[in-house]
Structure formats: structure tokens, C-alpha cells
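No value in this document is a laboratory result; all are computed from the given coordinates. Note that the structure is predicted; figures quoted are calculated from it, not measured. All Cβ positions, glycine included, derive from the backbone under ideal geometry; neighbour counts span all protein chains shown.
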Amino acid sequence: MKGPASGRIHGKRALRLLCAGMLCVGSLVSAATLPTPASDKAVLRINGSNTVGAKLAPMLIAGLFEAQGLRDIGIAPTGQENEQRVSATDSDGRRLFATVAAHGTGTGFAGLKDGSGDLAAASRPIKDSEHASLAGLGDLRSVEAEQVIAIDGLAIIVHPDNLVRSLSVQQVASLFAGDIRNWKAVGGPDLPVELHARDDRSGTYDTFNELVLGSQGKALDGHAARYESNDRLSQVVSRHPGAIGFVGLASVGQARAVAIADGQSQPMLPTPALVATEDYPLSRRLFFYANPQSQTAWTRAFLEFVHSPAGQAIVFKSGYIGQTIEAIRLPVEADMPQAYRDLASQAQRLTVNFRFAEGSARLDNKAQRDVGRLIRYLQDSGKTMHAAALVGFGDARRDPARTALLSKLRAMAVRRELSRGGILVREINGLGDTLPVASDTLSGRVKNRRVEVWVY
């Protein structure tokens, strides 16, 4: 990501979106103004997802400490499994620290409720039951509370010598449900299938259960080995020829990820570009959830840092996909609609998608921040005037005309937000339910309702 944009942002709303999506110059609280608590009290406490907490959260805290000018920064285990302590020394020689307890997404929301945590790390969106339970804190689905910090691909992993290169979501579900017990049934070796899965407290398991098992009406086989740690699961799969498991993208390790197809989509590997756009069928968002009514100075400074270019660089370094926007070339395919073929042959696609609720043209929380990121990218690239194209898509409905209309309205909603930031879009198009990236399920329809951004 390049430096601060020189172009002017027009309108208070556009400026607010820009600051929400990227670190505004001078907005990060300086070290001199951040309080140093008593030596036995953490400046920041993060509970929740092992996917977020095992590597990413400690690295982000260390990055914040460095940005604040602290020294002697260290990350060390506390002695409790999956718990870490990040410590540093300030200019007066005082030691301060933050803690990360990575025992599963559900424990993060429990920490917010009982006050034992400042942030909940989550590898899935907050559940309705959790949202209701935490209603006393405010709206945990508001843009102030729900912070998308990275994109992850849920990798389906096998032993590196396994001959299977791709699987459909239906086949993955049948494998983990125990309906397929030998790899020969899916074109693999004559070996029994050995199942490895995350534990029930894990957001990774919740995501897998929703996107794979639940979408096919299946349940996990009771004989599957269960793990609290992504890394441990991956290590075991890489050593067992008949093994299959699922982990976050950063934990593939010595195992091998297989390509996944969902519905009418082509098999896709969890590559950075496909995960960044959330086109990969098993892509997911990683979150921090904050108390929307009460945040400490350290919590606010940390969240600002996470969204900054420096924070997103740490996301990439940790093995996940940051939200930094890049331009990529897509091959022209024969089954593309003509308008899309023309676009692919003349322009580049940006690694950002805008997504919406069902039947709605309202931007979700990530999209609101992405508006700021996109404005900044287009300014830095000198593409503020008639260089960007927006393509809207919808999910399959009984009324194709309404789907096509909604897909165009979504593109128009993004154009409206960009215009408030001084960006004039070259063209918009609504392609309805063509080119689906996921199946016609609840989670799949969310992925299919999107607006892509292209630049000439």
C-alpha cells in the first residue's frame, strides 16, 4: 500500500468511511497519551479464536507496541495452553503487557460478557444467541463493534502424497460425515479415510459446520479426532497418508490443500487473490468484536493500528490475507457473458468485493470500511476520473428481472459512496445471477450477492 493520498476527500461521510477503513494521519493515539496501568494489569486482553489468537493477535499487539515507540518487545507463552503474553518497556523503564487467550471463538464473547476481555477474537460472525446475550453492551453488529481484520481461507488438507487434487463441497461433507470411508471413492488411493477436525468451541469448526456439513444436511462423524489447535491438526494430517482435515489458511504447513468446488463454480484453491475477493468457496472473515459503548484508549489505538497499512502488512506476514487492494488480470473464459468478457480483456479486477444482505443494497460493515480503502487506492493510482467500473451480481431467484435489477442497484450503491469521496465511476453493470461463485445455499447466496471493482 502506498503512502497517504494527496487527493481531497469530499464530504464528511466519505471522510468517516476513509478513516474507518484506513489509518488517518495523526489518528493513532501516541504513546505519551496512552495510560500505563499498574504492573499487574494488562493494557489489552484478547480472548477467543485460536485461528486469530495463535499467531495473528500477538503479532498485531507487538506491532502496536513497536509503533508506540516501546522497546524490549517479547511474545511468550504463559504456561497455560494456547495463551500468550506480549510485553514491552516504555520510555520510563516501566514494563507493560497484553494477554491473548486463544481457546475458541465462543470464549471471546464470554469474555466480553463477564468483563475478562477487551476484545473478542472470532473466526466467524457473532451468532444470534451471542448477540442477544450481549445486548446490554450495545449492538455487537454495529460498525463500531464488528471489525473485520483479515480474510482467511478454510483449507481442506490431506497428506502431501494423496492423489486427490480437488473435491466438491458435497464430497467433503460426505467424507467428514463418514459416508465415504475409502479414498478410492473420490479418485484417490486405496486407503481408509482418517478424519481430523477442530473442537466444538472453535470458530473454525463453526465455519466448517455451516459452509460444508450444514449446507449438505450432514453431521460430523463421531470417530473424528478433535483438536483445539489448527497447527497441531495440520501436523498430524501431514504425517498420516489417509488423513483429511480442515484448518485456517495460515496453518496448512506440510500438508496439502485441495481445490474446492461449490455448486456451479470451478474448483478453486485458496489462493491469495481468490480468498481476498471471497470468491473461494470456503473463504471467511476474521473479526475482532469490541464493546461499542466502552473501549479503553489502548483498545481504540489497537483497532486503529489493525486497520492501518502497517497492521494489514502484519496480517499478510502472519499467513492470512490482508485487505490491501491490488489489481489482478483474469483470463477471458468462453462462458463469461459478453460484457464481462470485454471487461476482462481490457481492464484489471481489484481484490475487493462489496457484499450485501438479502434483498438489500445496503453495504455491510466490511464494505463500509472498504469504501475508504478503495477511495485511497484510486487516488494513489491516479484513477479517480472515469477509470473504475462496477459490476453487480445477485443470487438465483424465481424472478430473474428482479435479480438483475438488484444487482445493478448494488453497483449503484457503491458508485454513490465513491462519488462522495470524489471518485467518478466510468461504468456500472448488473449481471444478475450469472457467474455464481457459490451454491444456492444461505451462505452461498451471500457470496453471490456482490459488486466487483475493475479499473482500466
- Mind jotting down the distance between the C-alpha centroids of segment 371-390 and segment 58-136, whole Å? 35 Å
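For the chain, what does the helix formula give at 222 nm: sum of -39500 (n - 2.57) over DSSP H segments with n ≥ 4, over the residue count, nearest 500 deg cm²/dmol?
Working: 15 runs with 144 residues, N = 456.
Calculated from helices alone, the mean residue ellipticity at 222 nm is -9000 deg cm²/dmol.
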- Rg over Rh, two decimals, segment 325-455 (C-alpha only, Kirkwood Rh): 0.95
- Note on the structure: Once the in-chain neighbours fewer than 8 apart are removed, the lysines whose Cα is under 20 Å from Lys41 read Lys113
- Long-range HN-HN contacts of Gly430 with modeled amide H, under 5 Å: Gly392
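If you place +1 on the Cβ of every Lys and Arg, -1 on the Cβ of every Asp and Glu, and leave all else neutral, what size is the dipole of the chain about its Cα centre, to the nearest 20 Debye?
Numbers: 53 positive and 45 negative charges, 262 e Å.
So the magnitude is around 1260 debye.
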- The correct pair for segment 155-269, radius of gyration to one decimal and Dmax as a whole number, both in Å and from Cα atoms, is 12.6, 33
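Counting alpha carbon pairs within less than 8 Å and at least 6 residues apart, what relative contact order, in whole percent, applies to segment 155-269? Intermediate values should be presented prior to the final figure.
Details: 219 pairs, mean separation 48.1, N = 115.
In percent, rounded to a whole number, it is 42.
From Cα pairs below 8 angstrom and at least 6 apart in sequence, can you work out the relative contact order of the chain, rounded to a whole percent?
Working: 1022 pairs, mean separation 88.1, N = 456.
It comes to 19 percent, rounded to a whole number.
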- Query: Can you list the HN-Hα couplings for segment 206-220, worked out from phi with the Karplus curve (6.51, -1.76, 1.60; θ = phi - 60°), rounded to whole Hz and with x for Gly and Pro?
  - Reply: 4, 5, 4, 4, 6, 6, 10, 5, x, 5, 10, x, 10, 10, 5
- Interchain or sequence-distant (5+) residues whose placed amide H lies within less than 5 Å of the amide H of Glu326 are Thr351
- Got a sec to turn the phi values of segment 419-433 into Karplus ³J(HN,Hα) couplings, 6.51 cos²θ - 1.76 cosθ + 1.60 with θ = phi - 60°, whole Hz, x for Gly and Pro? 5, 5, x, x, 9, 9, 7, 6, 7, 10, 8, x, 9, x, 9
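Express the Stokes-Einstein translational diffusion coefficient of segment 192-258 in µm² s⁻¹, to the nearest whole number, given a Kirkwood radius over alpha-carbon pairs, 37 °C and a viscosity of 0.692 mPa s. All intermediate terms of the calculation are to be shown ahead of the outcome.
Numbers: Rh = 12.1 Å.
My calculation gives 272 µm²/s for D.
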- Task: Determine the alpha carbon to alpha carbon distance for each of Lys127/Lys366; Lys317/Lys447; Lys184/Lys218 and list only those over 19 Å.
- Result: Lys317/Lys447; Lys184/Lys218
- What ³J(HN,Hα) values, in whole Hz, does the Karplus curve 6.51 cos²θ - 1.76 cosθ + 1.60 give for segment 76-88 when θ = phi - 60°, with x put for Gly and Pro? 9, x, 8, x, 9, 4, 6, 10, 9, 10, 10, 10, 7
- Message: Could you compute how fast the chain diffuses translationally, taking Rh as the Kirkwood radius over C-alpha pairs and applying Stokes-Einstein at 25 °C with viscosity 0.890 mPa s? Give it in µm² per second.
- Response: 107 µm²/s
- Query: Using 7 Å Cα-to-Cβ label points, what is the Ala327/Ala273 separation (nm, one decimal)?
  - Reply: 1.4 nm
- Would you be so kind as to identify which of Tyr340, Ala132, Ala110 lies farthest towards the positive end of the dipole of the chain, taking Lys and Arg as +1 and Asp and Glu as -1 on Cβ and the Cα centre as origin? Tyr340
- Item | Cα-based equivalent ellipsoid, segment 294-391: semi-axes from gyration tensor eigenvalues, Å | 30, 17, 14
- Fully extended, how many nm does the chain gain between Asp179 and Ser294 (0.36 nm per residue separation, minus their Cα-Cα distance)? 36.6 nm
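Taking the Cα centre of segment 91-221 as origin, work out the dipole magnitude from +1 charges on Lys and Arg Cβ and -1 charges on Asp and Glu Cβ, in debye rounded to 20. Don't skip to the end; give the middle numbers.
Numbers: 12 positive and 18 negative charges, 39 e Å.
That gives segment 91-221 a dipole magnitude of about 180 debye.
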